[in-house]
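Read the structure below first, then the notes.
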Amino acid sequence: MYKKIFCILLCIGLILSSCNNYKKNEEIEISNYYEAELNIMHIEADNPDFKNYINDVSRKLNMKINIIPCPADANNRQAEISTLLLSGNSDIDLISVNDEMVSEFKVKGYIENLDDIMSKNIVESYPKDYVESVAMYKNHFYSVPYLMDIMMFWVNEKYIKYSELEGVKNLDDFSLFVGNDYGTNMYGYGSAWD
């Protein structure tokens, strides 16, 4: 989950950093000279769509962005990134991390807090216990919670009818669906993976 959060933060940062005060009719001059260089270690480094996106951002920002792949296996990825951070290696500017890594790295002091970007309205959008236990450490923010898209969601139609919903089409429907009392000895199952 935090890997996705970091990706979203990275994308927002790249998009915001591309904003400037140019006139609409002026063309952006693209050259082989780059004003800056950025090295990103990312789980999607081999994804052609991600590469195209980064190349587009690179041209618009006139910044050379190098994408360094990291291991696909979560354990190997965490070991490699932990080793990089522990060694003090500064060759990598941005690293995509998952929630387990954020939980470890915030305690070890490997990552900087995000207090300056966490607005009150974002914080109030999430349960206080969740924000304090997952996104914070010692009253500082180290990750930004978000509502992620669901890749696949199955619902037994019998319970849809029982709940008097026509379907689960949004978060409000989902909240009503799971909040319904379906009787005793009724259980649900949920799962997540990296």
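Scanning the range 168-194 for residues that are at pLDDT 75 or above and among the polar types (S, T, N, Q) turns up Asn170, Ser175, Asn180, Thr184, Asn185.
Asn62 falls short on exactly one of the conditions (1) loosely packed, with under 11 Cβ neighbours inside 10 Å; (2) on the phi > 0 side of the Ramachandran plot; (3) not small (Gly, Ala, Ser), and that condition is (1). The residues listed here are Asn66, Asn89, Asn62; of these, the one that is within 22 Å of the chain's Cα centre (by Cα) and of a type outside the set (Ser, Thr, Tyr) is Asn66. Remark: Asp129 falls outside the filter, which requires a residue to be within 30 Å of Asn170 (Cα to Cα) and either crowded, with 16+ Cβ neighbours inside 10 Å or in contact with a strand residue (DSSP E or B) (Cβ under 6 Å, 6 or more places away or on another chain) (or both).
Can Glu104 be described as surrounded by 13 or more Cβ atoms within 10 Å (Cβ to Cβ) and either at pLDDT 90 or above or not assigned by TED's automatic domain parsing to the domain that holds Ala135 (or both)? When the stated conditions are applied, Glu104 does not pass them. When the residues of the range 73-89 are filtered to those that are surrounded by 10 or more Cβ atoms within 10 Å (Cβ to Cβ) and small (Gly, Ala, Ser), which remaining residue is nearest to Ser103 (Cα to Cα)? Of everything passing the filter in the range 73-89, Ser82 is nearest to Ser103 (Cα to Cα).
The values are calculated or read from the model by the stated rules, or taken from the named source; none is laboratory data. It should be emphasised that the depicted structure is a prediction, and the values quoted were computed from it without experimental measurement. Reconstructed Cβ throughout: ideal geometry from the backbone, glycine too, with neighbour counts over all protein chains shown.
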